[in-house]
Amino acid sequence: MKILHTGDLHLDSPFSSEDISGVEKRREAQRKTLTRIMSLAKEEGCDLMLIAGDLFDSEYVSPTTEKLIKKLFAEAEFPIVISPGNHDPYIDGSFYKRTVFSDNVYIFSSPELQVFELDSLGVSVYGYAFLSASLKDSPLMDTPIPSDSSKYRLLCAHADLSSPISRYAPLTIGDIHRFEFDYSALGHIHNPTDELTNGAQNIRYCGFAEGRSFDERGDGHVLIIDLDEKGCSVTKKKVSCSTYTVESADVSDISTREELVALIHSITSRYEDTDETHVRLYLTGFASDELVDSITSLESECSLNNIYLSIVDETLPALSGTSLKEDISLRGEFYRALLPKLLSDEPSERRRAILALRLGLLAIDGKDLTRRSDE
Ligand SMILES: [Mn+2]
């Protein structure tokens, strides 16, 4: 049998770093990704879909999203099992509780282990629901293991395997092995690693399907599971509409705005043929004040149709290098005092120190600081 495993879509996320039109665009992309997922399940001939929590980002679900989900779920010719997570708990007034879904939709509603017996598929799907933003006990911990059955035994759960004291359903690998699930479809960790599941092929986090920020970089996927008596094989399928990516460039050899524009274009052009891409570009090295002043205006100028560019200025003042190090005046003393922080591994500390150096040098030179107040 074939299963599509997804979760952590966080539909209707706030996208608070975007402007109003940007927010609606990103939410639309999330809906498009869900539509792609449903089409993929059909194309792949999936018998079952498992949604391992955080389908929604919060209690708030927009009317557009509600309508789309009801339609997509009703059109699906396979059962859909949902286990509500910490972002979309099963509570009074929630979309899950107040909506009348088509008969193929099964939603867990208890923090204790429940089961949906899908006899026509020969499958028992175990799971549970978050009833609030946390679920402190492992729902598998004190629960008797189900007696033998000829059916496939699956788990669909929003759970945190990373810590036994997590507030987000702290299951352990041992818990899962004890139940001898043929496949465990997990949600909650958006960038999963193999260590979390001890590399087990049949215990998987789906990861994010559509990135929402620079913390979720690269393509988003769902998992397609082929399950038979011998075991399961898992394939990742790309479904995301847009991606987030991080680049950096040293500008030390650049002296004019035109050269900087050319450098930025050489980076963004790598993404010209991709879907919508959000590029965060860190500029490093040494830059003159004039070059630094031009950076803000470059963001929109260098953003192409499908590329949204944000530039983070991490450059050091061009004068600083060796000349400041050996400067015997207050300028040199100021630079040397800041140097440990300028070289800090902590990005926020480094950024603050760079800003302090720029402003400090301007102040020492008796220059006007107000034109830089936007920083
Ligand atoms: Mn999540």
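The values are calculated or read from the model by the stated rules, or taken from the named source; none is laboratory data. The structure displayed is predicted, hence computed values, not measured ones. Cβ sites come from the backbone with ideal geometry, for glycine too, and all protein chains shown count toward neighbours. Just so you know, the surface numbers come from the protein's heavy atoms only, side chains and all, with ligands and any DNA or RNA stripped out. Shrake-Rupley method; radii C 1.70, N 1.55, O 1.52, S 1.80 Å.
For the range 150-191, taking the residues that are of a type in the set (Ser, Thr, Tyr) and more than 16 Å from the ligand (Cβ to nearest atom), the one that is surrounded by the fewest Cβ atoms within 10 Å (Cβ to Cβ) is identified as Ser150. I need the full set of residues from the range 257-274 which are in a loop (DSSP other than H, G, I, E, B) and free of Cβ contacts under 8 Å to residues at least 24 places away in the same chain, in order please. Matches in the range 257-274: Asp273 only. Met141 falls short on exactly one of the conditions (1) open to solvent by 30 Å² or more (accessible area, probe 1.4 Å); (2) more than 27 Å from Asn198 (Cα to Cα), and that condition is (2).
If I filter the range 293-313 for residues that are over 30 Å from Lys25 (Cβ atoms), open to solvent by less than 60 Å² (accessible area, probe 1.4 Å) and in the same structural domain as Arg270 (by TED's automatic domain parsing), do I get at least one hit? For the range 293-313, residues over 30 Å from Lys25 (Cβ atoms), open to solvent by less than 60 Å² (accessible area, probe 1.4 Å) and in the same structural domain as Arg270 (by TED's automatic domain parsing): absent.
Among the residues making up the range 71-93, those that are within 16 Å of the ligand (Cβ to nearest atom) and in a loop (DSSP other than H, G, I, E, B) are Ser83, Pro84, Gly85, Asn86, His87, Asp88, Pro89, Tyr90. Asp228 meets all of the listed conditions (1) open to solvent by 40 Å² or more (accessible area, probe 1.4 Å); (2) in contact (Cβ under 8 Å) with a residue 40 or more places away in the chain; (3) charged (D, E, K, R); (4) within 16 Å of the ligand (Cβ to nearest atom) but one, namely (4).
Looking at the range 232-240, can you tell me whether even one residue there is more than 19 Å from Ala29 (Cα to Cα), loosely packed, with under 13 Cβ neighbours inside 10 Å and at pLDDT below 95?
Residues of the range 232-240 that are more than 19 Å from Ala29 (Cα to Cα), as a first pass: 232-236.
Then drop every residue that is not loosely packed, with under 13 Cβ neighbours inside 10 Å, which leaves 233, 235.
Pick out the ones that are also at pLDDT below 95 and you get none.
Looking through the range 232-240, none of the residues is more than 19 Å from Ala29 (Cα to Cα), loosely packed, with under 13 Cβ neighbours inside 10 Å and at pLDDT below 95.
Note on the range 1-47: among residues that are touching a residue at least 12 places away in the same chain (Cβ under 8 Å), open to solvent by 20 Å² or more (accessible area, probe 1.4 Å) and under 17 Å from Glu216 (Cβ atoms), the one that is nearest to the ligand (Cβ to nearest atom) is Pro14. For the range 108-127, name all the residues that are part of a strand (DSSP E or B), open to solvent by 30 Å² or more (accessible area, probe 1.4 Å) and touching a residue at least 24 places away in the same chain (Cβ under 8 Å). Val115, Phe116, Glu117, listed by residue number.
For Phe130, indicate whether it is outside any strand (DSSP E or B), more than 16 Å from the ligand (Cβ to nearest atom) and buried (at least 21 other Cβ atoms within 10 Å of the Cβ). The answer is no for Phe130.
Being crowded, with 22+ Cβ neighbours inside 10 Å and outside any loop (DSSP other than H, G, I, E, B) is a property that does not hold for Leu68. Of all residues in the range 215-225, those satisfying the criterion of being on the phi < 0 side of the Ramachandran plot and either of a type outside the set (A, V, I, L, M, F, W, C) or open to solvent by 70 Å² or more (accessible area, probe 1.4 Å) (or both) are Asp215, Glu216, Arg217, Asp219, Gly220, His221.
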